[in-house]
Each structure stands twice: as C-alpha cells, then as structure tokens.
Amino acid sequence: MATTQVEGFLGGQTLKWGKHRRIKIGKVLRNFHCRTCDTQRTFVSGDELSCLGLGDNQISIDATLQCIECRSSVEIWFLIGSNDDISGVAPEVRIERYTENLRDRADRIDGHRGPFSDLVKRAQLAYENQLGAGSIVYLRKIFELVTFEVAEIAEIEIKKNNGKNIPFAVVLEKVNEVRNIIPRRFSSNGYQLFRELSDIIHGESSEEEALQKYRPCLQLVLGVVDEVSRDNEYARAIEELGWDVKSISEIAGGSVA
Ligand SMILES: [Zn+2]
C-alpha cells in the first residue's frame, strides 16, 4: 500500500496502546451527497480529532463530520499504519482501513445508482470490511437477477416441468447462446469467473482468495449488466420491466475501471 510522508502529528510523544489523544491536524473534509440538502455537499470535521494508540506503528482516528449547510452528521474512521515510529517528526504513513458510517443521511458521490445500486453498495461495503465471501454473495445475486430477467425476455425456461429450478449455470449458458450477456473481454473466462463466484460462496476458497477475486468478479458482473443494456431490444424490454437503462449504464460505466 502506498505511503505518504506527513508532518509529525503526535507531537513527538508516543501514544501508548489504548490511550486517547486529541490532535490538531486541520479539518477533515469529505464530499458526500447529503440527503437532507439533496445535493453534493462538503462534510467537515471539528478542529480536533480523536486518536487512539494501537502501538508504535498504528493509530486509529475517529472523526465526526457535518454537512456545512444543514449540519447533518456522519462518522468516519481511519486506521493509520507506519513502518517506523508513528509518533516521529515526519512519519511515513498509509491508510490501512477506512470506514464510513453515513447512516441514512448521506451517500457516497461515486456510489452506484439504479436497480442494483443497493446490492453493489452492499458488495462494496462487505469488501471494504474484508468480508470476502460476503461481498461475492451480492455480486452473484446481481448476476442471477440480470440473467433471469434476460431469460424471461428471451422466453428461456428457468423451471423444469416438475416446477423445480433449472440450475443457474444451465440457464446462464442457454441465455448466453441466445443473447451474449457475458462481455467479450470476459468471453474466454466468463464461465470460469462465474464458477469461481459459486465456489467462493460455497466456501471452497479462503477469505483471502475471495478478496483477491472481488475486483475481477465485480467487473464481470457490471460488464454483464452493461452488455444487456447495450442491446436495444433488450434495453427496451428491460425498460418495460421497470428498470432504468440509463442507471444501468451508469452503474456499469461507474468507478470500476
Ligand atoms: Zn446537508
């Protein structure tokens, strides 16, 4: 992870494990979409931040930020690490973890919108909290929803005569024969990735492997969404189903490059 050299912010004094200190390093600013203001706003912290010592090389910083307009308040948390003494004059630091608690008051600007936004958000949150299999569950859910919708439009059976579901992998293959939904750039390994989504969910990969596979799997899944919305006929049909095609493209073209 990239490190940055910063000016010493602990005043040259070690912050012992479990001890708190208020530090002044300037205000923390983050831009969010404020739900009360219904627009993008800057959220700003107070002058002092609360630091918790975790040893010589790590500290935790909590901050609460307010919308500059309506004063809606959210919380953020950083875990900061350093190879050398973090209380030094000019430590090399890196952000090891970052978490937001935006409650129902704000949303991330780069947050995905549209019919799958909730699932993408959940996948992303699970990933950021290092929940490998958890994040993959949501990706697979999106993949399944899209595939079944296309199956319905293309009149592909998804249930056997006895009313039981046809295995998803079989439906996917049939759907992909009629209408290529697996993006070309994944055509050689699209099924492979899908199998991996399943293996991870069924506990056949370690959490670490799952986390490593999150990004390629996210790109595959959003690529599938994009591929479906590119086709006029399907786009129209999807629109009739009540999906917002523009949102789908936004999701697919979003911050996954
Ligand atoms: Zn506001």
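What follows draws every value from the coordinates through simple rules; no lab data is involved. What you see is a predicted model; the values in this text were computed from it and never measured. Here the Cβ positions follow ideal geometry from the backbone for every residue, glycine too, while neighbour counts run over all protein chains shown.
In a shell of Cβ-Cβ distance under 10 Å around Ile25, excluding Ile25 itself, what net charge do Lys and Arg (+1) and Asp and Glu (-1) give? With Lys, Arg at +1 and Asp, Glu at -1, the neighbours total -1. The charge dipole of the stretch 17-89, taken about its Cα centre with unit charges on the Cβ atoms of Lys, Arg (+1), Asp and Glu (-1) only, comes to about 240 debye. Put in line by how crowded their Cβ is, counting other Cβ atoms within 10 Å and starting with the fewest, Ile201, Ile166 read Ile166, Ile201. DSSP assigns beta bridges within the stretch 57-127; of those with both partners inside it, close to 100 percent run antiparallel. If R0 equals 22 Å, the separation of the Cβ atoms of Asn180 and Glu155 corresponds to a calculated FRET efficiency of about 0.80.
Taking the average, over residues, of other Cβ atoms within 10 Å as the packing measure, peptides 97-106, 144-153, 130-139 rank 130-139, 144-153, 97-106 from highest down. With a Förster radius of 51 Å applied to the C-beta separation of Asp104 and Asn83, the computed FRET efficiency comes to 0.85. A straight line joining the Cα centroids of the stretch 123-190 and the stretch 9-37 runs 43 Å. Of all lysines in the structure, the ones whose alpha carbon falls short of 20 Å from that of Lys121, not counting any fewer than 8 places away in one chain, are Lys141, Lys213, Lys246.
Over all other residues within a Cβ to Cβ distance under 13 Å of Glu69, the charged ones net out to +3, with Lys and Arg as +1 and Asp and Glu as -1.
Could you give the length gained on full extension between Gln130 and Arg22, defined as 0.36 nm per residue of separation minus the Cα-Cα distance, in nm?
36.0 nm
Under 1.5 on a/c is rounded, so check that first for the stretch 4-108, then, if it is not, pick prolate when a/b is larger than b/c and oblate when it is not; a ≥ b ≥ c are the square roots of the alpha carbon gyration tensor eigenvalues. It is prolate, given that a/c is not under 1.5 and a/b is the larger ratio. Taking a ≥ b ≥ c as the square roots of the eigenvalues of the Cα gyration tensor, the stretch 36-184 is prolate, since a/c reaches 1.5 or more and a/b is larger than b/c.
Between Gln5 and Thr39, what FRET efficiency follows from the Cβ-Cβ distance if R0 is 35 Å, with the result rounded to 0.05? Using R0 = 35 Å, I get an efficiency of 0.45.
The distance between label points at Lys121 and His202 comes to 3.2 nm (points 7 Å beyond Cα on the Cα→Cβ vector).
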